[in-house]
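Participant: One structure coming up, written as structure tokens, with questions to follow.
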Amino acid sequence: MSDPVIKGWCPGALRPMMSGDGLVVRIRPRGGRLTPEQAKGIAALSAQYGNGLIDLSARANVQLRGVTEDAHGPLIEGLAALGLIDETTEAESRRNIVVTPYWQDGDGVQEVVRSLAKALGQPDAPQTPGKFGYVVDCGNQPVLSETSADIRIERGPGGVLLVRPDGVGSGAEATQQTAARLALRLAEWFLETGGAPDGRGRMAAHLARGARQPKLFTEIPALPRASAPAPVPGPLPLGYLVGFEFGQMAAETLSVLAESGALRITPWRMILIEGAKQAPAIPGLITDPADPMLRVTACTGAPGCPQALIATRPLARALCASLAPADRLHVSGCAKGCAHPAPSALTLVGRAGGAIDLIRNGTAADTPSRTGLSPATLTATPALLTETQDAP
Ligand code: SF4
């Protein structure tokens, strides 16, 4: 079996990635929010230049699929007219920011995001690796503790604003005016101290290897970060949260959603419709918090991904009703596990020849407890997923 190809960078709009169904063009909404005009515009561009399918990513981005090389230029022009394109590929790559979707006017979150985005757009901003990212989680309640990031802007004791390197329990006190500057200082320190020796690297791994963060970032202890319960669709004080099967929707769905209000893109592959009291009655939305599809993750798989060894989504659909109530299932087309890098109660991984391995409480790269399964075996014997002991 050949190992999956690790590219070490994520697609953007200006630097799209080729997939099995054409270019993947990933848009980073500013402040984690699309105005109705932007959302409608993206839907129209997806239908015109892509294959009409739109994904939500775990970094709260929106990606268009099925774009041809010839269509990329006109698509970028259209996105630029909507205010969705950065000045350079490097600036786009650096502006890797996930924002709490629960920000409110007056809580300072959007001000911090704007100043951070502006600082990262400067030509002399630290050129961190492609996957290096930030979360701005300084709203009333932390909700991004489980979202991958290298630098975290959050609230510390007494509500103080804190800039913290991922992987340690302390950070530097900040204000709305200084948070971006401190975050970039930390990114510079990461590069200067060898955090990305071959152009790749993450903050937590750098610290785990023994790097000591600058003294300034040891002064304020972080608050214990209890895991927030997984968000579910439904009404919220700020609007209505809706989910999508595998985080994917048709362009028409996005267009109709935009008629209900501005859209906050979440890292949970859901959208918060600002101010909405109910979800529009259109196909393709998950609005039932008990829908088992909310506990299923599956990457694009075959045929959309050239590395995929199995078709993931039909199998995930077939098995979702068989899951034990609290279990989460991740179906991965190969050992790379792009759709869910973290451990899952159940992970099915495609292997050479179309065989499937089952991993319990691990990631797609972990040791399987069962090997050589097939889609037919799994769908005919779903008890394989719920049994507590695997056959020797
Ligand atoms: S995990 Fe899925 S999407 Fe990622 S490379 Fe493998 S098959 Fe492709």
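Participant: Would you check if T363 is out of contact with any Leu (no Cβ under 9 Å at 6 or more places or on another chain), hydroxyl-bearing (S, T, Y) and either within 14 Å of the ligand (Cβ to nearest atom) or closer than 29 Å to V232 by Cα (or both)?
Facilitator: Spelling it out, T363 is indeed out of contact with any Leu (no Cβ under 9 Å at 6 or more places or on another chain), hydroxyl-bearing (S, T, Y) and either within 14 Å of the ligand (Cβ to nearest atom) or closer than 29 Å to V232 by Cα (or both).
Participant: Here is a check on your reading of the model: is R30 in contact with a Pro (Cβ under 6 Å, 6 or more places away or on another chain) and either within 15 Å of the ligand (Cβ to nearest atom) or modelled with pLDDT of 95 or more (or both)?
Facilitator: Values: in contact with a Pro (Cβ under 6 Å, 6 or more places away or on another chain): no; either within 15 Å of the ligand (Cβ to nearest atom) or modelled with pLDDT of 95 or more (or both): yes.
Criteria not met by R30.
Participant: Restricting the search to region 76-101, which residues are in contact with a Ser or Thr (Cβ under 8 Å, 6 or more places away or on another chain) and part of a strand (DSSP E or B)?
Facilitator: If the condition is that a residue be in contact with a Ser or Thr (Cβ under 8 Å, 6 or more places away or on another chain) and part of a strand (DSSP E or B), then V98 is the only one that fits.
Participant: Right, something else. Scan region 131-141 residue by residue and report those that are surrounded by 19 or more Cβ atoms within 10 Å (Cβ to Cβ) and not in a strand (DSSP E or B).
Facilitator: Scanning region 131-141 gives F132, G133, C138, G139.
Participant: Pairs only if they're at least six apart or on different chains, beta carbon under 9 angstrom, first in region 109-127 and surrounded by fewer than 21 Cβ atoms within 10 Å (Cβ to Cβ), second among the polar types (S, T, N, Q); list them, first residue then second.
Facilitator: Pairs that qualify, where the first residue is surrounded by fewer than 21 Cβ atoms within 10 Å (Cβ to Cβ) and the partner is among the polar types (S, T, N, Q), are E111/Q176; E111/Q177; S115/Q176; S115/Q177; G121/T88; P123/T88; Q127/S93.
Participant: Starting from residues that are of a type outside the set (S, T, Y) and under 17 Å from R317 (Cβ atoms), keep the ones in region 374-383 and report whichever is farthest from the ligand (Cβ to nearest atom). Spell out how you get there, then give the answer.
Facilitator: Narrowing region 374-383 to residues of a type outside the set (S, T, Y): 375-376, 378, 380, 382-383.
Going one step further and asking which of them are under 17 Å from R317 (Cβ atoms), we end up with 375-376, 378, 380, 382.
Numbers: P375: 15, A376: 20, L378: 17, A380: 24, P382: 22 Å.
Step by step, filter region 374-383, then rank; the result is A380.
Participant: Taking region 19-75 only, how many residues are over 14 Å from the mean Cα position of the chain (by Cα) and in a helix (DSSP H, G or I)?
Facilitator: Qualifying residue count, region 19-75: 23.
Participant: Let me ask you something else. Regarding region 51-70, can at least one residue be identified that is among the aliphatic types (A, V, I, L, M), more than 16 Å from the ligand (Cβ to nearest atom) and in contact with a Cys (Cβ under 9 Å, 6 or more places away or on another chain)?
Facilitator: No.
Participant: Filter region 341-352 down to the residues that are more than 21 Å from P267 (Cβ to Cβ) and either within 18 Å of the chain's Cα centre (by Cα) or within 9 Å of the ligand (Cβ to nearest atom) (or both) and list them by number.
Facilitator: Hits for region 341-352 are V349, G350.
Participant: Quick check, is G201 at positive phi and either crowded, with 16+ Cβ neighbours inside 10 Å or of a type in the set (D, E, K, R) (or both)?
Facilitator: In short, yes.
Participant: What's the total number of residues in region 287-304 that are under 18 Å from the mean Cα position of the chain (by Cα) and not polar (S, T, N, Q)?
Facilitator: Residues meeting the conditions: 7.
Residue by residue, here is whether (1) over 22 Å from G108 (Cα atoms); (2) among the basic types (K, R); (3) part of a strand (DSSP E or B) holds:
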residue	(1), (2), (3)
T147	no, no, no
E154	no, no, yes
V168	yes, no, no
Q177	no, no, no
A180	no, no, no
L184	no, no, no
G195	yes, no, no
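Participant: Please go through (1) closer than 16 Å to N61 by Cα; (2) part of a strand (DSSP E or B) for Y240 and return the number of the only condition it doesn't satisfy.
Facilitator: (1)
Participant: Across region 299-340, which residue is surrounded by the most Cβ atoms within 10 Å (Cβ to Cβ) among those that are among the charged types (D, E, K, R) and away from the ligand (no atom under 12 Å from the Cβ)?
Facilitator: Taking the candidates together, the pick is R328.
Participant: Here's a follow-up. With (1) assigned to a strand (DSSP E or B); (2) within 21 Å of the chain's Cα centre (by Cα) as the list, and E173 as the residue in question, which single condition is left unmet?
Facilitator: It is condition (2) that E173 fails.
The values are calculated or read from the model by the stated rules, or taken from the named source; none is laboratory data. Worth saying up front: this structure is predicted, and the values here are computed from it rather than measured. Virtual Cβ from ideal backbone geometry, glycine too; neighbours counted across all protein chains shown.
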